[in-house]
Amino acid sequence: MFAKSLPSLFTIGNLFLGIVSIILVFNDKPEMAAMMVIVAMLLDGVDGRVARALNVQSEFGKELDSLSDVISFGVAPAFIMYVVAFQDLNSDAASWIVTAIFPICGALRLARFNVISGIPGYFVGLPIPAAGGILATLALFYKDIQPWVLMASTLALALLMVSTVKYPNFKKFGLPKSAIWSIPIVVVIAVALGIAFPDQLSKIIFVPLLIYALYGLKKNVNVHGRLRRRSRRKKGDEERRSKHSV
């Protein structure tokens, strides 16, 4: 019975940290709030693997995971950005709209993921945990980056979630059954490090997350470039054949 509940416990931990993150940012602790989002990403990354390792996947777990992700990686990062960067802007309407658009696009991204089969080995659209992690950690640079740049970045991340850009899917890397016992230890260590070094760790983690987001864009540009070149070659071949036949 406990084994069947274990993946859901990790998912609930993800949701709990998302709620804690919101509470922390409204108590003037944005660094800790961002760190909670990062640890929630860790839990989100293991719950499905634990379910597959124990062969206890269920529709209930899938739906619970999606609902938790909307809070932890949609609402929480949006509020972190709003509190530290948008709250004091002259335009309340723009701040509210941009803040709302991010979790809305995240919810749309999750709904699409749940009902449409993706491409094997790839996600279609930037996964919401990655988008939320980028936004939460990007917010910590609010003293160095202009608010309008942060607002544009928030919109860009939101659009990437609902885009058709392909991103590598690392879910194929499973978790050995024997390693499940070590997950709580890893989570405790991650939380301890996050509490001890919230600002430094969050900003360091921002870098690989940003590279992941840019990698998908670069790969998509390369694919479109190849398709355009192939189309031009095909058109040229058809024109040459047309001339020879005249």
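What to note about this one:
- Shape of segment 54-155, Cα gyration tensor, a/c cut at 1.5: prolate
- Shape of segment 1-129 from the C-alpha gyration tensor: oblate (a/c of 1.5 or more and a/b not above b/c, with a ≥ b ≥ c the square roots of its eigenvalues).
- Share of carbon and sulfur in the accessible heavy-atom surface of segment 1-106 [1.4 Å probe, %]: 67
- Extension gain, L210 to L9: 0.36 nm times the residue separation minus the Cα-Cα distance gives 69.5 nm.
- 37 °C / 0.692 mPa s Stokes-Einstein diffusion coefficient of segment 31-105, Kirkwood radius on C-alpha pairs, µm²/s: 236
- Net charge over other residues, Cβ less than 15 angstrom from the Cβ of A156 (K, R count +1; D, E count -1): +2
The values are calculated or read from the model by the stated rules, or taken from the named source; none is laboratory data. Being a predicted model, the structure only gives us computed values, none of them experimental. Here Cβ is always computed from backbone atoms with ideal geometry, including for glycine, and neighbour counts include all displayed protein chains. Remember, those area values only see protein heavy atoms, side chains included, never the ligands or the DNA or RNA. Shrake-Rupley method; radii C 1.70, N 1.55, O 1.52, S 1.80 Å.
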